[in-house]
């Protein structure tokens, strides 16, 4: 587990990162009804699709899901979807329902009597933490002002003097985005140097850009917001010797063709064998390979693929580790997928990110050699 620095003392908890395989196939919104979703402003067709999203699919494709919803339904629905699915993914179904109630304008300010009853209820946490209401706190109905507001405790984090990387953790609505935006502004003003803010999705990128524009003055020109995918493309364009000239992005049809060839290659390899994946139907094998390819390519660059074939390489999310023989077979399928796209001079998002990592590594090695030579 990566060491972290918290702004306050924390309790060390042992956490298992292996999710039993049967849980990955369960719908995330198993305790949510279509009525709750539609009352929150989500149309019935989108709500039906959300109810079919499984834990495993969300883990592998959350970016694609959110980008598609933002494109079709707008950023507000995309952010609502992000909150609800993320909370359900962490088992907080009640929190997801409260978020939907807020979106449906069904939430109300509790009376002192209701607050005391909620604190005293055994159904709630044994410890109750809150911040005292401060003078000048904005109304939660003013979305932009509310998201930019910093409580004094949040200010300590946003403006802290830190000596290294820090991970900020908190539940949905705890103010992580607000702290991030203020932190970016603080660093830009303090050092008068460029600050990079990276998000996973386009919807979050747009929200961060809106908040930075609203918060910042002249320092906003020093702050850049990018998605991981967009940043990778920029790195390849600016650092790779051939820039972007040597590849284009494949459409979904080409990616499907590449995956079909990979499935056929793997199926031919496992037919008649005792490998565990030989029991999968072709549709199941396709879904399995898509998940496994994504896992490999977001953690390793091609020159490191051999690490995946070792049983010591942990695969989070699998109830039982694949045998080394099955891992070799999966890797053969991945090479078929990548070679097909490469033969067409195509790179998908994961491929671009891998190239970006490789060119950065080469640049660092080159700079280190120059430094050593100069000494």
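The values are calculated or read from the model by the stated rules, or taken from the named source; none is laboratory data. Nothing here was measured: the structure is a model prediction, and the numbers come from that model. For neighbour counting, all protein chains shown are included, and Cβ atoms are generated from backbone atoms with ideal geometry for every residue, glycine included.
Can you name every residue in the range 185-228 that is within 26 Å of residue 357 (Cα to Cα), more than 20 Å from the chain's Cα centre (by Cα) and in a helix (DSSP H, G or I)? 187, 188, 222 - these are the residues of the range 185-228 that are within 26 Å of residue 357 (Cα to Cα), more than 20 Å from the chain's Cα centre (by Cα) and in a helix (DSSP H, G or I). The one condition from (1) in contact with a helix residue (DSSP H, G or I) (Cβ under 6 Å, 6 or more places away or on another chain); (2) in a loop (DSSP other than H, G, I, E, B) that residue 315 does not meet is (1).
Please verify whether the range 242-262 includes one or more residues that are assigned to a helix (DSSP H, G or I), within 28 Å of residue 58 (Cβ to Cβ) and under 22 Å from the mean Cα position of the chain (by Cα). Checking the range 242-262: at least one residue is assigned to a helix (DSSP H, G or I), within 28 Å of residue 58 (Cβ to Cβ) and under 22 Å from the mean Cα position of the chain (by Cα). Report whether or not residue 286 is at pLDDT 90 or above, surrounded by fewer than 17 Cβ atoms within 10 Å (Cβ to Cβ), assigned to a helix (DSSP H, G or I) and touching a helix residue (DSSP H, G or I) at 6+ places or on another chain (Cβ under 7 Å). Spelling it out, it is not the case that residue 286 is at pLDDT 90 or above, surrounded by fewer than 17 Cβ atoms within 10 Å (Cβ to Cβ), assigned to a helix (DSSP H, G or I) and touching a helix residue (DSSP H, G or I) at 6+ places or on another chain (Cβ under 7 Å). Test residue 359 against the criterion of being assigned to a helix (DSSP H, G or I), within 24 Å of residue 61 (Cα to Cα) and in contact with a helix residue (DSSP H, G or I) (Cβ under 6 Å, 6 or more places away or on another chain), and give yes or no. Against the criterion (assigned to a helix (DSSP H, G or I), within 24 Å of residue 61 (Cα to Cα) and in contact with a helix residue (DSSP H, G or I) (Cβ under 6 Å, 6 or more places away or on another chain)), residue 359 does not qualify. Taking every residue in the range 173-185 that is more than 16 Å from residue 145 (Cβ to Cβ) and pairing it with any residue that is part of a helix (DSSP H, G or I), at least 6 positions away or on another chain, the pairs with Cβ-Cβ distances below 8 Å are 180/208; 183/157; 183/158; 184/212. Just to be sure before I move on: is residue 148 closer than 24 Å to residue 226 by Cβ and at pLDDT 85 or above in the structure I sent? No.
When the range 27-60 is filtered for residues that are in a helix (DSSP H, G or I), in contact (Cβ under 8 Å) with a residue 60 or more places away in the chain and either closer than 17 Å to residue 203 by Cα or under 19 Å from the mean Cα position of the chain (by Cα) (or both), the ones remaining, listed by number, are 56, 59, 60.
Among residues of the range 357-375 that are under 17 Å from residue 228 (Cα atoms), those with a beta-carbon under 6 Å from a residue that is modelled with pLDDT of 85 or more at least six positions away or on a different chain give the pairs 357/301; 358/301; 359/239; 359/240.
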